[in-house]
1. Want the number for ILE111 to TYR160: 0.36 nm per residue separation, take away the alpha-carbon distance, what's left?
2. Within the range 42-135, list the GluC sites (Glu not before Pro) lying in a DSSP loop whose Cβ has at most 14 other Cβ atoms in a 10 Å radius.
3. With a Förster radius of 35 Å, plug the Cβ-Cβ distance of LEU81 and LEU56 into 1/(1 + (r/R0)^6) and report the FRET value to the nearest 0.05.
4. Rank-order 132-138, 150-156 by packing density, defined as the average count of other C-beta atoms within 10 Å over each peptide's residues, highest first.
Amino acid sequence: MSETHRAPPHCKNHTDDNPGDNPGDNSFVTSAQATLHCLSGCVVGEALGLMIAISLGFGVWATIFLATGLAYVSGFSLGLLPVMRKQNKSFFEALKLIWFGEAISIGVMEIAMNGADFYAGGMQSGSLFSATFWIALLVAIPAGFLAAWPVNWWLLSRNYKKCH
């Protein structure tokens with residue numbers, strides 16, 4: 001495998017011994033795991049933002065800003081805590097390590113999720129008890145994953161994103 005298609009050395013399971021034999025060497029699996037990790041943080045903030053905005057009757061743009069802002073907060077929190085804990089880094093040291101990759105990954109994910117939610121009608125559903133709200137959220141989650149996965153693969157393959 002070429003160097004750009006191998007898992008970065010800081011990812012768990014990576015070794016330089018027999019790189020093709022290492023299950024951690026599959027960059028598509030590694031990037032999928034990184035994307036799922038990012039998605040779990042983003043979904044918490046996204047869903048909370050949508051629920052608050054729909055409950056308070058916010059317009060579409062206010063809903064997008066709130067959901068995206070909370071997705072960044074929860075996504076970065078989920079990225080920072082493992083780095084701080086496992087690598088014994090301070091908040092700012094951990095932020096310095098992950099900010100670039102996380103910001104891009106979350107941004108792409110949020111564009112896809114908000115777009116899917118908007119077009120599926122979730123932001124205009126008017127109620128958390130509407131099936132449209134929940135269906136739109138269920139459409140938005142895989143849309144965010146599918147949009148961010150190739151971006152995370154690229155970021156990881158170029159060492160712009162850290163595994164954590």
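1. 15.6 nm is the gain from fully extending ILE111 to TYR160.
2. Hits after loop and neighbour filter: nothing returned.
3. Result of the calculation: an efficiency of 0.75.
4. Values: 132-138: 17.4, 150-156: 20.4.
Order by mean packing, descending: 150-156, 132-138.
Computed from the coordinates by the stated procedures, all read-outs in this text should not be read as laboratory data. Given the structure is predicted, the values throughout are model-derived calculations rather than measurements. Positions of Cβ are backbone-derived with ideal geometry, glycine not excepted, and every protein chain shown enters the neighbour counts.
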